[in-house]
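In what follows, a structure is listed as C-alpha cells, so that the remarks can point back to it.
The values are calculated or read from the model by the stated rules, or taken from the named source; none is laboratory data. Every value quoted in this text rests on a predicted model; they were computed, and no experiment measured them. Positions of Cβ are generated from backbone atoms using ideal geometry, with glycine treated the same way; all protein chains shown enter the neighbour counts.
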Amino acid sequence: MTEADEGWFAGVDPDDVDAGAAAVREGSADAPADWPRRAVDAGFAEDDADYYAKLREASIRATREAVTERERADDRQLVHAVRAMDDCESEANELAERVAEWAGTLYPDADTGVAYARELAERDPESPVERRVVSLAERVADLADERDALREFVERQAPAVAPNLAALAGPVLAARLIALAGDLESLAKMPGGTVQVLGAEDALFAHLRGHASSPKHGVIYTHESVRGAPPDRRGAVARTLSGKLAIAARVDHYSGERKPELDEQLGERLDGILDRRGDG
C-alpha cells in the first residue's frame, strides 16, 4: 500500500500527536475514501473508533497550533498594541480626574489632567493622605509613559505590517483600522464604504433604526484631510480617503509591496475635491 493510499496518517507514528497534527494541517486528498478502513489496514489504528480518536486528537492539536500561530502574526501584535495604547490613555485620563478631584481638597494650586498628575507625582508628601494622592498620581504618570511607549511601538510596527496603509492613514490610524476590522486580512476584504464608517457602528445602527442620519465617517475622522476639510466637503473627502485606504489594505495583505503611486493618487483626488465647488 502506498502513502497516497494510506491517507493523511501515512508515515505517522500512531502515538505521535505532534506528527499527526502536522499531517492534518499539511495533508490533502484528491478524493474521498474509506480512511478508517485504510488506517486499520495500514496498522495505524486498531479499529474505526481508535482511528476517529486519533483523528480527533490530531485535529484539536492542529487547530490549537493554527490559532496560536495566527495570534503571533505581526498584524495581531499590532492590534494588541494599539488597543493597549488606547486602554492606557483612557485609564490615565480617568485616573487623572480622580487625582485632580482629590488633590483639590489638599492643595490650593491643584490643577487637572495628566500633565498635572505628572507634576504632583514629583511632590514630596507631608502626610499619609498626601502620600496616597501622590502615589495615585505616580500611577497616572506610569500609565501615560506606557501609552507613549506603546505609541512608539505602533509607529514603528505599522509601516512594517501595512506599509501602504500606514503611509496613507498614518501609523496609528492604520493600526486602529486593522484593530476595528479584526486583522489585516479582514480589512483587505472590506469595501471602501465599510472602511469609511469603521468606528461609527453605534451611529450606523441608530441610523438603521431610523433614529439618526447616516454617519459620513468613523475613526477616519482623525485623519487630517477629513478633520481639516470644510464641512460641505468632508463627506466627499471621507469617501475618497476610505476608498484608497481599502486599496492600500489589499495591496499590503496580498503583496506587501510599497506603492508610492497610491499616495500621489490620493493627493490628486483630495486636491480636486477641495478645489471643487458644490455640496459634498
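Assorted remarks:
- Any hit, segment 30-53, residues being outside the structural domain of GLY182 (by TED's automatic domain parsing), within 30 Å of LEU187 (Cα to Cα), modelled with pLDDT under 80 and not in a helix (DSSP H, G or I): no
- Scanning segment 212-229 for residues that are at pLDDT 90 or above and either in contact with a strand residue (DSSP E or B) (Cβ under 7 Å, 6 or more places away or on another chain) or assigned to a loop (DSSP other than H, G, I, E, B) (or both) turns up HIS223, GLY228, ALA229.
- Given (1) buried (at least 20 other Cβ atoms within 10 Å of the Cβ); (2) closer than 24 Å to LEU95 by Cβ; (3) not aromatic (Phe, Trp, Tyr), number of the condition VAL161 does not satisfy: (2)
- Subset of segment 216-242 that is among the small types (Gly, Ala, Ser) and touching a His at 6+ places or on another chain (Cβ under 9 Å) - its residue that is farthest from GLY272 (Cα to Cα): SER242
- Hits in segment 226-246 (condition: closer than 16 Å to ASN164 by Cβ and either among the hydroxyl-bearing types (Ser, Thr, Tyr) or surrounded by fewer than 20 Cβ atoms within 10 Å (Cβ to Cβ) (or both)): THR240, SER242, GLY243
- Inside segment 114-133, residues that are modelled with pLDDT of 95 or more and in contact with a helix residue (DSSP H, G or I) (Cβ under 6 Å, 6 or more places away or on another chain) make up a count of 6.
- In the set (1) under 26 Å from LEU270 (Cα atoms); (2) in a helix (DSSP H, G or I); (3) without any contact (Cβ under 8 Å) to a residue 60 or more places away in the chain, MET190 fails one condition alone, (2).
- Filtered residue count, segment 100-155, keeping only those that are surrounded by fewer than 16 Cβ atoms within 10 Å (Cβ to Cβ), part of a helix (DSSP H, G or I), more than 31 Å from the chain's Cα centre (by Cα) and not charged (D, E, K, R): 3
- Near pairs, Cβ below 8 angstrom, 6+ apart or cross-chain, from segment 37-52 (over 17 Å from VAL17 (Cβ atoms)) to any residue that is surrounded by fewer than 16 Cβ atoms within 10 Å (Cβ to Cβ) and among the aliphatic types (A, V, I, L, M): ARG38/MET1; ASP41/MET1; ALA42/MET1
- For segment 72-82, the criterion of being at negative phi and modelled with pLDDT under 85 is met by at least one residue.
- The condition (being buried (at least 21 other Cβ atoms within 10 Å of the Cβ), in the same structural domain as LYS259 (by TED's automatic domain parsing) and touching a His at 6+ places or on another chain (Cβ under 8 Å)) is satisfied by just one residue among LEU198, LEU173: LEU173.
- Inter-residue pairs, beta-carbon under 9 Å, first over 10 Å from VAL114 (Cα atoms) and assigned by TED's automatic domain parsing to the domain that holds GLU101 and in segment 129-145, second part of a helix (DSSP H, G or I) and of a type in the set (Phe, Trp, Tyr), 6+ apart: VAL129/TRP102; ARG132/TRP102; VAL133/TRP102; LEU136/TRP102
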